[in-house]
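Values in this text are rule-based calculations from the coordinates and carry no lab data. Keep in mind that what you see is a predicted model, and the values were worked out from it rather than measured. Here the Cβ positions follow ideal geometry from the backbone for every residue, glycine too, while neighbour counts run over all protein chains shown.
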Amino acid sequence: MSKTTLSPIISGTMNWGVWDKNLTTKEMENMIQLCIENKITTFDHADIYGDYTTEADFGKAFHNSKISREKIQLITKCGIQLVTENRNNKIKHYEYSKDYIIWSAEESLKKLKTDYVDVFLLHRPSPLMQADEIAEAVEKLKSEGKIIDFGLSNFTNSQTELIRQKTEVSFNQVQFSATHYEPMIDGSLDYMQTHGIRPLSWNPLGTVFREDTKKTRRLKKLLADLVQKYSFGSDTLLLAWILKHPAGIIPIAGTVNIARIQSLIKAVELKLDKEDWFAIWTESMGDDVA
Ligand SMILES: NC(=O)c1ccc[n+]([C@@H]2O[C@H](COP(=O)([O-])OP(=O)(O)OC[C@H]3O[C@@H](n4cnc5c(N)ncnc54)[C@H](OP(=O)(O)O)[C@@H]3O)[C@@H](O)[C@H]2O)c1
């Protein structure tokens, strides 16, 4: 069981920096403030965001904001080796040696201008990862108070089991949405519930606003009716769909749109009727359940 209490919706920072929105320090500061005012106190990072630059941009903004550290929770990840001028890698790969994990966590602390991260995740599974080494690194970081909880991201059940035999796994951050619901049918969410692992879902809106396909057209048509019925936006309905699952999934929202951030938390109070929940899944599948 995790020691950390995260907000019911998390803000993802992947697009805050040079990878996409290129927010200034002041804009990031305002974004952090806005999220907190709207009950989103947890921020999801990874060392690689912005080619290893977004953590530092956020850290500077957070430092300037003078918000006390206890008011927010920080998640970050390590392991992906990008080919970028900021690293000396020849090919994209993963690195999970003990020394590297410890070094990466400490780098994240410096960049985020904090003494600890609340949740530290391995970003993607590597066929070469050694569970013993990973566990040693995690235990050291925990004993030094540099990380509070440990978890994984994009790990299958067997990969999780490999690590969980050696050290406590409290979270697994996976892709999950009304259009990407495999974790719900391949046993991943059941496995996480069984072992007290909290699922976090990235890309919680799926392809609904990203792609124009038969699936997204069917979903948008249904969502337009549900928007009338519930008086909430389509994005809020899609988050509520995730929140209704008994595994206790926490969605990580990627928006930096002010109006959207102000309405994200409404998903927590929106109680979707069971038949509407199944209708969303049905339109996504393009078929009735069996
Ligand atoms: N662990 C991993 O491997 C992994 C992988 C990917 C992402 N992540 C994490 O997950 C976070 C969220 O991922 P995501 O960005 O894919 O999440 P998302 O919340 O599903 O998508 C966000 C995107 O949808 C747009 N959007 C939101 N509401 C909309 C609406 N009503 N109409 C039209 N467009 C809308 C946003 O644009 P606006 O900004 O304009 O609102 C933004 O471009 C990331 O920031 C990162 O922290 C983790």
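Numbers for the structure displayed
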read-out: Debye-sum result for the stretch 135-238 in log10 I(q)/I(0), which assumes one identical scatterer on each alpha carbon, at q = 0.18, 0.19, 0.23 Å⁻¹; value: -0.88, -0.92, -1.14
read-out: Positive-end residue of 56, 167, 192, charge dipole of the chain with Cβ unit charges; value: 56
read-out: The stretch 173-257, dipole about Cα centre (Lys/Arg Cβ +1, Asp/Glu Cβ -1), debye to the nearest 20; value: 320 debye
read-out: Along principal axes, Cα extents of the stretch 171-290, largest first, whole Å; value: 39, 37, 26
read-out: Charge dipole magnitude, Cβ of K and R +1, D and E -1 - the chain, Cα centre, debye nearest 20; value: 580 debye
read-out: Mean shadow area of the chain over all directions, Cα convex hull, nm²; value: 15.2 nm²
read-out: Exposure proxy order (Cβ contacts within 10 Å, fewest to most) of 260, 198, 164; value: 260, 164, 198
read-out: Mean-position separation - Cα centroids, the stretch 1-70 and the stretch 158-225, in angstrom; value: 22 Å
read-out: Förster radius 51 Å - calculated FRET efficiency between residue 217 and residue 91, Cβ distance, rounded to 0.05; value: 0.85
read-out: Given 21/71; 77/146; 26/60; 77/110, the pairs whose alpha carbons are separated by over 18 Å; value: 21/71
read-out: Label-point separation, residue 83 to residue 273 (7 Å along Cα→Cβ), nm; value: 5.3 nm
read-out: Diffusion coefficient, µm² s⁻¹, Stokes-Einstein with Kirkwood Rh over alpha-carbon pairs of the stretch 180-243 at 20 °C and 1.002 mPa s; value: 162 µm²/s
